[in-house]
Amino acid sequence: EIFGVVSFYTLTAISSIIANKYFLKSVTIPLTLLELQMVVSTIVLVAGYTAVKLFKKSKDDEKKKMTLVESVKSLWPMVVCNVFGLAFNIICLSKIDAIMHQVTRGITLPLTALLGPLLGNDSGSWRVFLVCFAIFSGFVIAVSGEISTEKISFGGIAAGLISSFINAYNAQFVKKRFSTKGFSAIDLVYY
């Protein structure tokens, strides 16, 4: 189940970056493109969730489900993080090339590792922080190399870093909020 979730996320993330960059070459309003994607994503998620529930009777159906109000109260911080994270992500992608976008967004991993202990989640080992340092070093080298060629948008880099921070915070929020509520990996993908 987890392998399927990670594979699906990876495939859709790479596909969306390629598609977004293609469409951003002809669209001057990147947030309109994001709004359209969110509508399509919502339709796909609701249809998929409904299909799964129709064809699969799980043990969760026997448990007490959260009410709509409880669900909204639990999810609103995550929804806000996702909307702002995606907005800054698409702004970043509209201002810099796809490779530099990935370099900038790659800083999410070190930020996630740093925020974990600060927000009361598990902290990583020294090996994790060593890898995070290597990633951060790669980011600095890539950005400084682009600065020397004067082919970089500081607005794009800033938007990517803001998006990375929001995604790192969101990951830690999800870990803290949902790890104690008995959600499965599929539930988290849906949310």
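The values are calculated or read from the model by the stated rules, or taken from the named source; none is laboratory data. All of these numbers come straight from a predicted model, not from anything done at the bench. Glycine also receives a Cβ, built like all others from the backbone with ideal geometry; neighbour counts cover every protein chain displayed. Quick note on the areas: whole protein, heavy atoms, side chains included, nothing else; ligands and nucleic acids left out. Shrake-Rupley method; radii C 1.70, N 1.55, O 1.52, S 1.80 Å.
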Regarding residue 137, is this residue polar (S, T, N, Q) and either under 20 Å from residue 93 (Cα atoms) or at pLDDT below 85 (or both)?
no
Filter region 92-104 down to the residues that are surrounded by fewer than 22 Cβ atoms within 10 Å (Cβ to Cβ), assigned to a helix (DSSP H, G or I) and of a type outside the set (A, V, I, L, M, F, W, C) and list them by number.
95, 102
For region 13-43, what are the residues that are without any contact (Cβ under 8 Å) to a residue 40 or more places away in the chain, open to solvent by 50 Å² or more (accessible area, probe 1.4 Å), assigned to a helix (DSSP H, G or I) and under 16 Å from residue 101 (Cα atoms)?
14, 15, 22, 23
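If you scan region 113-134, which residues turn out to be in a helix (DSSP H, G or I) and open to solvent by 50 Å² or more (accessible area, probe 1.4 Å)?
114, 117, 118, 126, 127, 128, 129, 130, 131, 133, 134 - these are the residues of region 113-134 that are in a helix (DSSP H, G or I) and open to solvent by 50 Å² or more (accessible area, probe 1.4 Å).
Being among the charged types (D, E, K, R) and either on the phi > 0 side of the Ramachandran plot or open to solvent by less than 40 Å² (accessible area, probe 1.4 Å) (or both) is the filter here; which residues of region 135-168 pass it? Spell out how you get there, then give the answer.
Here is the first cut: in region 135-168, the residues among the charged types (D, E, K, R) are 146, 150-151.
Within region 135-168, 150 is the sole residue that qualifies.
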Note: among 88, 8, just one is open to solvent by 70 Å² or more (accessible area, probe 1.4 Å) and either modelled with pLDDT of 80 or more or outside any helix (DSSP H, G or I) (or both), namely 8
Residue 79 fails exactly one of (1) modelled with pLDDT under 85; (2) out of contact with any Lys or Arg (no Cβ under 9 Å at 6 or more places or on another chain); (3) surrounded by 15 or more Cβ atoms within 10 Å (Cβ to Cβ), namely (3)
Under 6 Å by Cβ, and 6 or more places apart or on different chains, what pairs join a residue from region 152-169 that is within 13 Å of residue 87 (Cβ to Cβ) with one that is polar (S, T, N, Q) and open to solvent by less than 10 Å² (accessible area, probe 1.4 Å)?
160/104
